[in-house]
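See structure below.
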Amino acid sequence: MEMKKVGHEMSLLMGLSMSCILTLVGMLTAKRFTIPGFLKSFLISFVISMIIGLIIPMKKVSDGVLRKCDAKPGTLKARILEALVSDVLYSPLMTLVMVYLAYREAASHGARIPFGPMLLKSEIISFITAFILSFILTPVFMKIVMKRNAVR
């Protein structure tokens, strides 16, 4: 039960941080930052990340990838692979939804922008940003959550 609680807390912390930063990065690269837009996008992104976190057992998936790649937990190779797994599972869907919503809103105001290039640029930026965030934040959050739940 403790490990399930750890997983839920990790999903919450990662979802909050990823949603916040990716929403901010997305709005800044679009050069269209507003507080209401940020809050709406952050909320939608956070809900998507929580749904993904509840459906996909990240620990099992990551452990499977580490075994397949013969990576020992705690090594640089393992951390890179874990960040990559997280990135592949979270950022493409979150980015697709967020870009679609931004595109729809822009189009409703008369903007004529092509969806494909907008999506591709956003996917690349989000993928790189999410990888870096996951690589840096996962071990930090894991230490916090494990300590708070008295798990070794």
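Every read-out reported here was derived from the displayed coordinates using simple, explicitly stated rules and does not represent laboratory data. Owing to the predicted nature of the structure, the values given are computational and were not obtained by experimental measurement. Virtual Cβ from ideal backbone geometry, glycine too; neighbours counted across all protein chains shown.
Quick look at the values:
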| read-out | value |
| --- | --- |
| Condition check for G26: over 26 Å from V145 (Cα atoms) and over 15 Å from the mean Cα position of the chain (by Cα) | no |
| Residue check, L13 within 16 Å of the chain's Cα centre (by Cα) and surrounded by 15 or more Cβ atoms within 10 Å (Cβ to Cβ) | yes |
| Residues located in region 44-56, provided they are exposed (fewer than 14 other Cβ atoms within 10 Å of the Cβ) and either among the polar types (S, T, N, Q) or touching a residue at least 24 places away in the same chain (Cβ under 8 Å) (or both) | L54 |
| Residue within region 106-122 that is part of a helix (DSSP H, G or I) and within 13 Å of the chain's Cα centre (by Cα) present | no |
| Candidate set from region 17-43 (those that are hydroxyl-bearing (S, T, Y) and part of a helix (DSSP H, G or I)); member that is surrounded by the fewest Cβ atoms within 10 Å (Cβ to Cβ) | T29 |
